[in-house]
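The values are calculated or read from the model by the stated rules, or taken from the named source; none is laboratory data. Quantities reported herein were computed from a predicted structural model and do not represent experimental measurements. In this analysis, Cβ positions are derived from the backbone assuming ideal geometry, glycine residues included, and neighbour counts consider all displayed protein chains. Accessible surface areas use protein heavy atoms only, side chains included; no ligands, DNA or RNA. Shrake-Rupley method; radii C 1.70, N 1.55, O 1.52, S 1.80 Å.
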Amino acid sequence: MPSYKPLIFGALLLSLSASFPMAASCLSAPDTITLNAGGKLFEPFSFDHAKHIQEIKECSDCHHHTTGTLVQNPKCVKCHQNSSPTAVVSCKGCHSATPFSPETLAEKSAEKQRFHLDKMGLKGAMHQGCIGCHEKQGAGPTGCQDCHQLSEAGKAFYYSGKVAVKGAHGAKKH
Amino acid sequence: MKRRNFLKACIIGGATISLGKTNKGWAAGSFEGYPDAMGVLTDTTRCIGCRSCEAACNKEQKLPEPETSFEDKSVFEHERRPDSKAYTVVNAYDKKQPGEPVYRKIQCNHCNEPACLTSCFVNAYTKTKEGAVIYNSKVCVGCRNCMIACPFNVPGYSYESVTNPIVKKCILCYDTRLKVGKPPACVDICPQEALTFGRRSDLIKLAHERIREYPDRYYDNVYGEKELGGTSWLYLSRTSFDKIGFDTTLGNEPIISNVKEFLGMVPMVLSIWPALFSGIHLLSKGKHDEHGHDTESTQEDR
C-alpha cells in the first residue's frame, strides 16, 4: 500500500501543474465571444470560448505566446522563451482587421525592426486557425455556414446568377 | 538643290530618331518595374476554392451576372480562362491526387513589361507606376493583337458589343481601389488570406521567407519573380508550377526583347521611307519635266 503513495502524489502534482497555468491565465477569459461582429456578407455569431477551453485546455494552442504555457516551438523560443503573458491576448490585438490598408502597409514599412513581417490579418488567422485545427482534430465545423450564416446581402452576393446552385458556401456536415 | 537638301535632312533626321528609339528599346529590355509598384502574392497552398474572389471581382467591376452562381462548384470540372464577363476565375488542378485538389486563381499577371502593351498599335495600354496594366477602352479599336500577344491568354473580348468592340481584363481594381492605395477587391474578400497585397519588392522577400521557413510546404520557386521580366502577380505552390497549369516554358526574357529590333525599325520605316520614296518619285518626275517627255499633265494643271 505505501508504494502507491508517491504515485498518487505524482499524479496530483501532474494534474496541478497541468491545470495551474490555465487556471491562472484564463480566469478572466470570456465564456462566449461574438465573432464577425461587423460582418456584411455573413452574420455575426457566438463563439463558445468556454467549450474550447474545456476541450483543448492549452491556451497557447490558439493564443501563441501571449497566454498559457510558454511556447515550445524551437523557432519561437529563440525570442519568446521567457515571454510573460501579454496584456492583450485577443486575436484582433495582434492580427489586424485591415492587413492591406495603406495605413497598415505604411506602418509595416516604417518599422524596420519588425520581425513578424508575414503576420496574417484577422480574417486569415481566424479561418486558417479554426478550420485548420478542426480538420486536424477531425472535429468542429469546416463549412462556411457551419459557423456563420449568410446575410441577405451575402445571399445576393453569392447566389447571383441565372441558375442558383448551392455548393461552396453550403454547410458541410461533420 | 533645295529638294536634295530636304531629302538629306530627312534621312539624317530619320536616322537619328530611329537610332535614338532603338537605344531606348535596348534599355527597356532590362526594366525591372517601377520601384513602388504594388502586387499580389497568391499562395496556392492556402486557397480553398470558395470563389469569393470571383464574386467580389464581378461586383467591383460591375460585370454581368454569371451563368450559374458563385456557389456552383461544378465549374471546377473544366479548366476555365478569364473573359470579358469574368476578369478572374479559379481552376482546380492536380485532381487525380487523393484529397482536395489545388485551386489556383487566374487573372492578368500585370507584367513589368507587358506584351499586350507592346503589341498595341493605338497605345491603349499603360503600365501604371502602381503596377497595374490598364487600358483605355476609348482608343481600343478591337484588333485583338493583345489577345494573341499575351503569353498568359488573359485579355478577353467583348464579342457581344458590335458598335464598341473592346478588350477586357483585370486592371488590379486600378480606378476604384489601387489608385488610392487600397488592395483589389479579390484580396479584400479572400477568407484564407491566400492573396497578399503589398509592394512587389516586399512580396518577393515575403515569398522567399515563406519558402525558407516552411520548406516542406513550398516548392522552391516564386512564379512571376523572373518570368518574362517579372510580373506584379506572384505565386507560391506546393508542387512544381507545371503541375498546376502554369506555363514554365516562357523563360525570363520579356516579350519585347524578341521584337525590339524589329520594332526599332518601325519608326525609321515610317519616318524615312515615305519621304525617301516620294523624293525619288518627285526626282524622277522632275527629270521627266526637264526632258519634256511628260509635259501634258503639267500643262493641264496650269
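Brief remarks on what is shown
- Rg and Dmax [Cα atoms of region B:66-157; Å; Rg one decimal, Dmax integer]: 15.7, 49
- Of the listed residues B:D94, B:D216, A:D31, B:D188, the order by accessible area with a 1.4 Å probe, largest first, is B:D216, A:D31, B:D188, B:D94.
- The heavy atoms of B:V141 offer some 80 square angstrom of accessible surface to a 1.4 angstrom probe.
- The orientation-averaged projection of the convex hull spanning the C-alpha atoms of region B:207-278 amounts to 6.4 square nanometres.
- Taking region B:141-223 and dividing mean pair separation by its residue count, relative contact order in percent (alpha carbons under 8 Å, at least six apart): 14
- Region B:110-132 and region A:97-148: distance between their alpha carbon centers, rounded to Å: 33
- Loop sites in region A:70-163: trypsin sites (Lys or Arg not before Pro), DSSP, at most 15 other Cβ within 10 Å: A:K112, A:R114, A:K119, A:K162
- In region B:84-171, chymotrypsin sites (Phe, Trp or Tyr not before Pro) in a DSSP loop with at most 15 other beta-carbon atoms within 10 Å: B:F121, B:Y159
- Averaged over A:94-104, number of beta-carbon atoms from partner chains that fall within 10 Å: 3
- Solvent accessible area, Å² - A:T32, 1.4 Å probe, full protein context: 80
- For region B:219-265, GluC sites (Glu not before Pro) meeting the loop criterion (DSSP other than H, G, I, E, B) and having at most 10 other Cβ atoms within 10 Å: none.
- Calculated FRET efficiency, B:N164 to B:Y214, Cβ-Cβ distance, R0 = 45 Å: about 0.40 to the nearest 0.05.
- Inter-site label distance for B:R80 and B:T176 at 7 Å from Cα along Cβ, in nm: 1.8
- Peptide B:181-189 is shielded by partner chain Cβ atoms: per residue, an average of 3 of them sit within 10 Å of its Cβ.
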